[in-house]
Each structure stands twice: as C-alpha cells, then as structure tokens.
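As structure tokens, the structure follows; a few thoughts come after it.
The values are calculated or read from the model by the stated rules, or taken from the named source; none is laboratory data. Everything quoted here is computed from the prediction, not taken from an experiment. Counting neighbours? That spans all protein chains shown, and the Cβs are built from the backbone with ideal geometry, glycine included.
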Amino acid sequence: MIERFPRSNPGLWLGVDGGGTKTDFQLVSSDGRVLGEATLGGINRNYCSETDVVAMLEEGRNRVYSAAGVDTRIAPGGTIMCMAGFGAEFFERFKDLSGFGEVFSAGDHLPLLELCGGDETCLIVHSGTGSFVSGRFATDPAIYWGGYGYILIDPGSGADIGRRAVRRTFEECSGVAPKTDFGERIREFYGFRDYDHVVEVVYGSASPARTMAECVRLVVRMLEEGDQLAVGIVREALGELAALAVRVAGEFSDEPCRRGLTGGVLTAPSVAELMSRELEERGLPGPWIPVRERPIEGVRRMLVKWAHGLHPGRTLCQRTEVPA
C-alpha cells in the first residue's frame, strides 16, 4: 500500500488561524516567505463538530498547497493551529492528523500576543466575534481570561454589541420601547418584519454569535454619526470588557508593558478611542495601540521562530482563575 504522505519537507511550514468569522491558512518557507494563502469560513466548536473541523483543516491545507504550487502529498515540517473555542483536550486530537507534520495547537490569542509584543511583556484586549483578555511576561507562559462564548456572553465582543442592538430592535418591534432611527436601521439591516421574525432569525441561526455580530459595522457607523443609542450600547459593552482587563492587569507587575487592542471591533478608530478612554478611566492608562495586522501574520512569525529552533510550546496557554 502506498503511503499517502511518503515524505516531509522541513523547509515548509503551515499556519492556521481560526476565528468565529473566518479561518486563514498560510504556507511559508523557513525564512518566512509566504508561499501560498487560503481562507475558509469560521471555525469554532460551538457550531463545528470534530469531523467538520478536521475536514476544514484538510481542505484548507490542500487549498494553500495548491496556491503555492506544492505537491499535496508532502507534509510540512510543522503546523501551528491557533483557533478559537477549543480546549487542550480537543487540541490533543489534532496531533495525530496525517499530512501536517508536527502539530502545535493553541488558542487564537497567541498570534495576537506575538503581533503586540513579540517576546516582550504585553497585554491585549481583544474583540472580534468573541472577546478575551490575554497577556504574558517576557519569559513566562501566556495567560488568558474570557472567551466565554456567546451563551455565557463575551463582554464587548461583536456578538455582544450585536445582541444588544438586536434586543433593542426587538423591544421596538414588540412595542415596549419607542421607535428610533437606530432600531429602524438595525431592522432594515436584517430584514426583520416583526418581533416574531426577529426571534426566528436569531434563534433559527446555525451560528447566533456570527448572526448578531453581522450588524456591528452598522452600529459603529451610527456611533460615529453620534447616534446616542449606538454610543450607549457600545460604551456599556466595552465597559464590561474594560473591567475584565483591569482585573487581568492586576496579575502583572508595574514593569513596562506593551498594551494592544486587537480584533475587528476594537481596531475601528472610533471604538479604539472609546475603549482607550474606558480603560484609562479604570486606571489602565495607555497608550493602547490598535494592532491591525492580520492574526495569520502572528502565526507566520511564530512559524519562523519554530523553523529556527524556538518551539512555540514555550508560550503554551495557561488558563487561570480571574482574580477577585
């Protein structure tokens, strides 16, 4: 029987960054050159089975190999998979995937820490479809708080802001709140006919988090236009995330620390400004730097370090209890 992956190429390295909205794949050389890229849909255990996850990883691998013009029968020297919503037990199962070389799996915070601070002490506050706060000292493992998911609510996330916006629209459709331009624009965005249809769309969605996060750009636009409902909704959501960041920061010493805002929500200029103000008012002055590079770039940098002997396992996630 012919082995499917008869050989590996130590000069090839595969990176995967999976979030709630999309999953990026990148094949790079040992010197960091990008050989090929591919993007598939969101990947998260909240709405993807293990079989779905493996199928997507294999499809993404084949696509990025094809984009690079590399024989798909050749395994890379190693693969870094940084994905949202998966725990250590689930990641263990990825290590035996055929055709990926040695696999290192971790949460989606590690590439963002790489982009924010490299090997330096850094603290990031993240808001995309979901949200979390993460940080690390220069020589210690990364620590991570949040990432509760849309059911337990990720404060300040796209799903949280969208949930608040949709809830206000539901209240207006059901007559318990006065009609507003804000509610009307959210209703038009989703095509809601009445409050029964709001329930049907939200609860009938295969991924409620992504569905509710879809309206965030519109909410941010209304925030920038000065709509007071939009301002109040975003500020309230960010306030809860800022409060979590303050509790996390208590774990760090007073030594200099790079501080970054990451994710599609927090890197919007108007939201970054509002979040920086919320953090400063809670005792975490800036500068808070929006990190706008794609997370897959952080994975690429991790791959280059690995290719030169620095195994990514030294930054293994260490989930701890949030300090009281």
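Quick check: anything in the range 94-104 under 26 Å from A159 (Cα atoms) and touching a residue at least 24 places away in the same chain (Cβ under 8 Å)? No, that holds for no residue.
Taking the range 173-211 as the range and being more than 29 Å from the chain's Cα centre (by Cα) and either aromatic (F, W, Y) or closer than 30 Å to D52 by Cα (or both) as the test, the residues that pass are Y195, H197. Listed by first and then second residue, the pairs linking a residue in the range 152-166 that is farther than 15 Å from G239 by Cα to a residue that is assigned to a helix (DSSP H, G or I) and modelled with pLDDT of 95 or more, with Cβ atoms under 7 Å apart and 6 or more places separating them unless they lie on different chains, are G162/V216; A165/I186; A165/V219; A165/I233; V166/I186. On inspection, L261 passes the criterion of being touching a Pro at 6+ places or on another chain (Cβ under 8 Å), within 20 Å of T129 (Cα to Cα) and modelled with pLDDT of 85 or more. The set of residues in the range 58-87 that are within 17 Å of the chain's Cα centre (by Cα) and over 17 Å from S29 (Cα atoms) comprises C82, M83, A84, G85, F86, G87. Scanning the range 211-225 for any residue that is within 30 Å of T23 (Cα to Cα) and polar (S, T, N, Q) turns up at least one such residue.
With respect to D160, determine if the residue is under 30 Å from L284 (Cα atoms), touching a strand residue (DSSP E or B) at 6+ places or on another chain (Cβ under 6 Å) and either assigned by TED's automatic domain parsing to the domain that holds I186 or part of a helix (DSSP H, G or I) (or both). When the stated conditions are applied, D160 does not pass them.
Matching residues to (1) touching a strand residue (DSSP E or B) at 6+ places or on another chain (Cβ under 6 Å); (2) over 24 Å from P208 (Cβ atoms):
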| residue | (1), (2) |
| --- | --- |
| A75 | yes, yes |
| I124 | yes, yes |
| V133 | yes, no |
| W145 | yes, no |
| Y150 | no, no |
| V166 | no, no |
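Considering the range 277-292, and only residues there that are closer than 14 Å to S127 by Cα and free of Cβ contacts under 8 Å to residues at least 60 places away in the same chain, the residue that is surrounded by the most Cβ atoms within 10 Å (Cβ to Cβ) turns out to be P290.
Would you please name the residue that is farthest from G146 (Cα to Cα), looking only at residues in the range 204-257 that are among the β-branched types (V, I, T) and surrounded by fewer than 20 Cβ atoms within 10 Å (Cβ to Cβ)? Among residues in the range 204-257 that are among the β-branched types (V, I, T) and surrounded by fewer than 20 Cβ atoms within 10 Å (Cβ to Cβ), the one farthest from G146 (Cα to Cα) is V231. Just wondering, is there one or more residues in the range 234-244 that are under 21 Å from G41 (Cβ atoms), under 23 Å from the mean Cα position of the chain (by Cα) and assigned to a helix (DSSP H, G or I)? For the range 234-244, residues under 21 Å from G41 (Cβ atoms), under 23 Å from the mean Cα position of the chain (by Cα) and assigned to a helix (DSSP H, G or I): absent.
When E172 is tested against (1) within 26 Å of S105 (Cβ to Cβ); (2) in contact with a Pro (Cβ under 9 Å, 6 or more places away or on another chain), just one condition goes unmet, and that condition is (1).
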